[in-house]
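Values in this text are rule-based calculations from the coordinates and carry no lab data. Predicted model only: the values in this text are computed from it and were never measured. Neighbour counts are summed over all protein chains in view; Cβ atoms, including those assigned to glycine, are modelled from backbone coordinates with ideal geometry.
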Amino acid sequence: MCGIIGYIGSKDVVPILVESLKKLEYRGYDSAGIAVVDENQVHLKRVKGKISDLEKSLKSSTPNGSFGVGHTRWATHGRPSEENAHPHRDCTDSLVVVHNGIIENYLSLKKKLTDEGHTFRTETDTEVIAHLVEKYFRGSLEKAVQQAIQELEGAYAIAVISLQDSGKIVAAKIGPPAVVGLGDGEYFVSSDLNPLLSYTQKIVFLEDEEIAVLDSQGVNFLNFQGKPIKKNADHITWSPLMVEKSGFKHFMLKEIFEQPQVVRDTLKGRISLDSGKVFLEEIGITPQALEKVKKVVIVACGTSYHAGLVAKYFIETLARIPVEIEFASEYRYRDFILDKNALVVVISQSGETADSLAALRAAKRQKPLSLAVCNVVKSSIARESDGVLYTHAGPEIGVAATKTFSAQMAALALLALYLAQIKGKIQEQASLPLIEDLQRIPHKMEKILNQAASIEELALEFVSFSHFLYLGRGINFPVALEGALKLKEISYIHAEGYPGGEMKHGPIALIDEKMPTMTVIPKDNVYEKMLSNISEIKSRVGYILAVAFEEDEEILERVDRVIPIPSANPLFTPFLTTLPLQLFAYYIAAKRGADVDQPRNLAKSVTVE
Ligand code: M6R
């Protein structure tokens, strides 16, 4: 929730900081700032608003400097304003800090520091860090940072620079991510990989309680006790092109269109079309350990939670293991019961969501097996779980999750088949038809995307509605939830996802001509039941749209508008039914002039509670 960047090297520092912040902007976008250092001054530029506002303000006066730090903010303590924007200064204006996270004991620290004579200028928790480092500074910035952080409680990734010990950036972290980029004579620290890919693919992932000291010669790593530590760089294969819009108006639209490839990439190398075998030994949990699993507990938030709901159907149907699914934010505070025969699956695109990470940590106290399903390599949840199943979606920049949802479903379908084979519930050869069905999904997704223009035409008829109901049943109930979430988060239209059968227990009271219903109704075991729900709405003059199989003629008679999709194995229909709902939400939001990639009040990675 907030993005930090630091650069030291021979290039012009301001454009690098600004371009990097644009790639971190999805993490928060209510204010932004940079600080660069020349020989005798720290130059600060901060604005309320987005990186584009920062750029505008830099046009009138661009500071010079040889190194610097930058920040894009999602406010937690203190309203969005220029004064509360990072970087934050000490009393002398010669030391600045950027911070992602929350300092929980900032009020007591602020009081103590104020009593000691420090003057505070902002409402933020971050400012205490600047004053604490100032307090301990005796000539070495890393020593001062190391002492200051002993007093901090909470979660943080920070980068600090000082005129008094110039030519270095000191970074430290507990909780939120921080990565160090090792370029050719230039070095970076960042909240994630995206800004660094244009400069280097050599990345060091900072672990909790580690400090990085960057200067023009390289990077040294220390632990929180100040002892030097050795860290190896990883070679990252994501390319800079993956974080460009490539001609699409928005990242979200580009990412919607990437979904067939993302599903292919997530399946690739993990299934055999000859033997029907699923290969997931890479996850790092042995088949022997998985064979003992008697219960699966899935925890996740937002869209990842919806992927978990779909996975419940996959795993229970194929592997015949009971599955519980919980919101991570609820689970972490529950007095839940686990044992060593339970497998806890934490689904998180970013791998950094605070509630999901806390739920994983709480679960691990009862010693179950734990598996992360993550997109971001080496993210905290991936590192702290016993095993990790990566989705191969590439970087997702749009704040609304789209391609990572499809990639999660693909990975979870594989997991279900893998568990089924390990447990002997399905023999490898008997898995073949299912695997073939799964393999055919990306091509069918392409067919739906080819109809984007007609979905746009339809969506534009609904731009001025204020309420929507989304209904689905069975494995498509989570799709209804996801469709409603997409619409509300990017277009700000109120939308509710509901299981079709529950509608008569309350929500049906809402139905009138001003509240259209989007139904998700492929031909499956609950098709007839959904038809009944549709009739109930029709009798109350509700307007109904339906996502249905293209050869389904009956539905044409029953609803007002149909979005056709190719038919498929009912178990895998969520891959297909999701796409029209994503496009529908996207076109409505774009037409309403909403900031599709950076919806108000949201951030891509929610690293606070
Ligand atoms: O990174 P995660 O998958 O853990 O993120 C979970 C949610 O914050 C995320 O899915 C959020 O709901 C998105 N805005 C959905 O579009």
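General observations
- Simple label model, 7 Å out from Cα along Cβ direction - His494 to Glu550, nm: 3.8
- Within region 452-591: Cβ-based charge dipole about Cα centre, in debye rounded to nearest 20 (Lys, Arg +1; Asp, Glu -1): 400
- Value of relative contact order over the chain, rounded to a whole percent, pairs C-alpha under 8 Å and six or more apart: 12
- The charge dipole of the chain, taken about the Cα centre with unit charges on the Cβ atoms of Lys, Arg (+1) and Asp, Glu (-1), comes to about 560 debye, rounded to the nearest 20.
- The equivalent ellipsoid that matches the C-alpha gyration tensor of the chain spans semi-axes of 45, 28, 22 angstrom, in descending order.
- Here region 289-365 and region 118-135 have alpha carbon centers that stand 39 Å from each other.
- The gain in end-to-end length when the Glu104 to His467 segment is fully stretched comes to 126.8 nm, 0.36 nm per residue minus the alpha carbon separation.
- Shape analysis of region 251-444 yields a ratio of the Cα radius of gyration to the Kirkwood radius, Rg/Rh, of 0.95.
- Dipole magnitude of region 251-444 about its Cα centre (Cβ charges: Lys, Arg +1; Asp, Glu -1), debye to nearest 20: 320
- Candidates per trypsin sites (Lys or Arg not before Pro) in region 545-609, loop by DSSP, up to 16 other Cβ within 10 Å: Arg592, Arg600
- Angle between the chain longest axis and helix 51-60 axis [Cα atoms, degrees, rounded to 10]: 40
- Here is the list for region 28-82: GluC sites (Glu not before Pro) lying in DSSP coil, each with at most 11 other C-beta atoms within 10 angstrom of its C-beta, are Glu39.
- For region 299-349, the convex hull drawn through the C-alpha positions has a volume of 76 cubic angstrom per residue.
- Degrees separating the helix 127-136 axis from the principal Cα axis of the chain, which is the longest one: 40
- In region 1-146, the ratio of gyration radius to Kirkwood radius, Rg to Rh, stands at 0.95 when only Cα atoms are counted.
- Region 550-586 and region 411-439 have their alpha-carbon centroids 25 Å apart.
- Degrees between helix 302-318 axis and first principal axis of the chain (Cα, 0 to 90, nearest 10): 40
- Additional length obtainable on full extension of the chain from Asp512 to Glu446, 0.36 nm per residue less Cα span: 20.3 nm
- Ordering Ser539, Ser216, Ser329, Ser491 by the number of other Cβ atoms within 10 Å of each residue's own Cβ, fewest first, gives Ser539, Ser216, Ser329, Ser491.
- Of the trypsin sites (Lys or Arg not before Pro) in region 1-50, the ones in a loop by DSSP (not H, G, I, E or B) with at most 16 other beta carbons within 10 Å are Lys11.
- Vicinal HN-Hα couplings computed from phi for region 205-217 (Karplus, 6.51 cos²θ - 1.76 cosθ + 1.60; Hz; Gly/Pro x): 8, 6, 8, 4, 6, 10, 10, 10, 10, 9, 9, 5, 8
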